[in-house]
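Written below as C-alpha cells is the structure these notes are about.
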Amino acid sequence: MQAIRIIHDEHRSLAAVLHGMLYLLRQIRDGGAKPNFELFGAMIYYFDAFPERFHHPKEDNYLFRVLRIRHPDAAPLLDRLEKEHWDGAHKIRTLERTLTRYQHGGEAEFPKFATAVEAYAAFHWEHMRTEEDQVLPLAQEHLSPDDWKAVDTAFLEHGDPMLGAEAGDEYEALFRRIVNLAPPPIGVGPEAR
Ligand SMILES: [Fe+2]
Ligand SMILES: [Fe+2]
C-alpha cells in the first residue's frame, strides 16, 4: 500500500510548511521580526501547487473514486472532503490577496493576513486528520489487492501522465527553496531580524 505511505508523506510535507508559516507569523507578532515577503510568497505558491494542484487531484481521481465504488456508505464523507478540495483553491486566493495587501499596505494589513493563514492551517489540519483517521482505514478495509495495485501505481506515477515522473522532483525543489529561504529553526536561511 504505497499510496498510504505517499499520502502520509505528502501530508507531513504540507504540515511542515504550515507550521513554518505559523512560526513566522509569531516571530512578527511577538518578536518584532520583519516579514520576508519572498518566503511568504514561496510558501503560498507551494500550497497552491502542492496540495491544491498535485495532492488533492490524486485523492479525488484514484483513492476516493475506488472507495466510492467499493463502499458506497462512504459517499457523504468523500463528498465533504472533495468539496473541501474545491474550497481550498478559494482559500489560496484569499491568502494571496491578503499577502499583497500586507506587502503594499504595511503593518495595518498584518492581522488580516495572519487570520487568513491561521484559517488555512486549521482547515488543513482538520482535512488531513479526517483523511488519515477515517478515509484510509475504510480504504484498507474495503479495497481489494487489485484496487491497491491500481491506486499505488497512480500515486507512484503521480497519477497524471501530463505531470510525469519529474513532477515529484519539482515539488521537492520547491520545498528545498522554502527551507533555504526560511530562518532557523524552520529552515537554513538567514536569521530573521
Ligand atoms: Fe485531501
Ligand atoms: Fe490529503
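For Lys91, the aspartates and glutamates whose Cα comes closer than 14 Å to its Cα, not counting residues fewer than 8 places off in the same chain, are Asp48, Glu52, Glu118. In degrees, nearest 10, range 0 to 90: what is the angle between the Cα axis of helix 166-181 and the longest Cα principal axis of the chain? Between helix and principal axis, roughly 30 degrees. In the context of the full set of protein chains, residues of segment 1-57 present 42 Å² of accessible surface per residue (probe radius 1.4 Å, heavy atoms only).
When a/c is below 1.5 the answer is rounded, else prolate if a/b is larger than b/c, else oblate, so apply that to segment 68-178 with a ≥ b ≥ c taken from the square roots of the Cα gyration tensor eigenvalues. Judged from the Cα gyration tensor, segment 68-178 comes out oblate (a/c at least 1.5, b/c at or above a/b). How many percent of all Cα-Cα pairs in the chain sit more than 31 Å apart? Everything past 31 Å amounts to 23 percent. Net charge dipole, segment 1-120: roughly 60 debye, given to the nearest 20, about the Cα centre with Cβ charges of +1 for Lys and Arg and -1 for Asp and Glu. So which lysines pass the test for Lys149, namely a Cα distance under 20 Å, with those fewer than 8 places away in the same chain ruled out? Leaving aside lysines fewer than 8 places away in the same chain, those within reach of Lys149 are Lys58.
Across the accessible surface of the chain, with the other protein chains kept in place and a 1.4 Å probe, carbon and sulfur atoms take up 54 percent.
Evaluated with a Cβ-only charge set (Lys, Arg +1; Asp, Glu -1), segment 1-61 carries a dipole of roughly 220 debye about its Cα centre, given to the nearest 20. Rounded to whole numbers, the Karplus 3J(HN,Hα) couplings from phi for segment 136-153 are 5, x, 5, 5, 4, 6, 10, 7, 7, x, 5, 4, 5, 4, 5, 5, 4, 4 Hz, using 6.51 cos²θ - 1.76 cosθ + 1.60 with θ = phi - 60°, and x at Gly and Pro.
The values are calculated or read from the model by the stated rules, or taken from the named source; none is laboratory data. Treat the numbers as computed from the prediction; the structure is a model and nothing was measured. As a convention, Cβ positions derive from the backbone with ideal geometry for all residues, glycine included, and neighbour counts pool all protein chains shown. These accessible areas exclude ligands, DNA and RNA; they are computed on the full protein's heavy atoms, side chains included. Shrake-Rupley method; radii C 1.70, N 1.55, O 1.52, S 1.80 Å.
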